[in-house]
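This report refers to the structure that appears directly beneath it.
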Amino acid sequence: MKSSKPIIFFDGVCNLCNGAVNFIIDHDKKGHFKFAPLQSNAAEKHVPLSIRENTDSILLVDSNKIYSKSTAALKVAKNLNGPWKALYIFIIFPKFVRDFVYDQISRNRYKWFGKRDTCRMPSEEIKNRFVEMD
């Protein structure tokens, strides 16, 4: 299963992550990105087990490269419509600094934003934006 579009893998039970997916869909007018939960078969096919087991981050798979944490988030922002592209300027900060901030949010995301009992299922209107999850 190959996708010519970059795929954003996200924690399908995390309310913050699901909100981020909705935000990206709303600001990705050209449909640059596809999406799939980290808990899906699609993630098993695109992301090595060692990475899936050791991440509590979004992952961006683009041209057979895997980006995580702040780098993934900034690369996504760079491709959004509107002023969100400007966030990419933060790429100039060292990765360890950016990832420290990212990790603080990631570690507390369930406590601050809550968690779903089941993984997100896309609505019919946006189903085409998701990688097949068979």
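The values are calculated or read from the model by the stated rules, or taken from the named source; none is laboratory data. Small disclaimer: the values here were computed from a predicted structure and weren't measured. Ideal geometry is used to build each Cβ from the backbone, glycine not excepted, and the neighbour counts take in all protein chains shown.
Being free of Cβ contacts under 8 Å to residues at least 40 places away in the same chain, under 15 Å from Ser57 (Cα atoms) and loosely packed, with under 10 Cβ neighbours inside 10 Å: is that true of Phe96 here? Judged against the criteria, Phe96 is a match.
For region 1-28, give me each residue that is in a loop (DSSP other than H, G, I, E, B) and out of contact with any Gly (no Cβ under 9 Å at 6 or more places or on another chain).
Met1, Lys2, Ser3, Ser4, Pro6, Asp11, Gly12, Val13, Asp28
Residue-level analysis places Asp11 outside the set of residues that are among the acidic types (Asp, Glu) and at pLDDT 90 or above.
Lys2 satisfies every condition listed in (1) at pLDDT 90 or above; (2) surrounded by fewer than 21 Cβ atoms within 10 Å (Cβ to Cβ) except (1). The residues of region 15-65 that are farther than 20 Å from Ser123 by Cβ, hydrophobic (A, V, I, L, M, F, W, C) and out of contact with any helix residue (DSSP H, G or I) (no Cβ under 7 Å at 6 or more places or on another chain), listed by number, are Val47, Leu49, Ile51.
Evaluating Val97 against the criteria (1) among the β-branched types (Val, Ile, Thr); (2) more than 16 Å from the chain's Cα centre (by Cα); (3) within 15 Å of Phe10 (Cβ to Cβ) leaves one unmet condition, (3).
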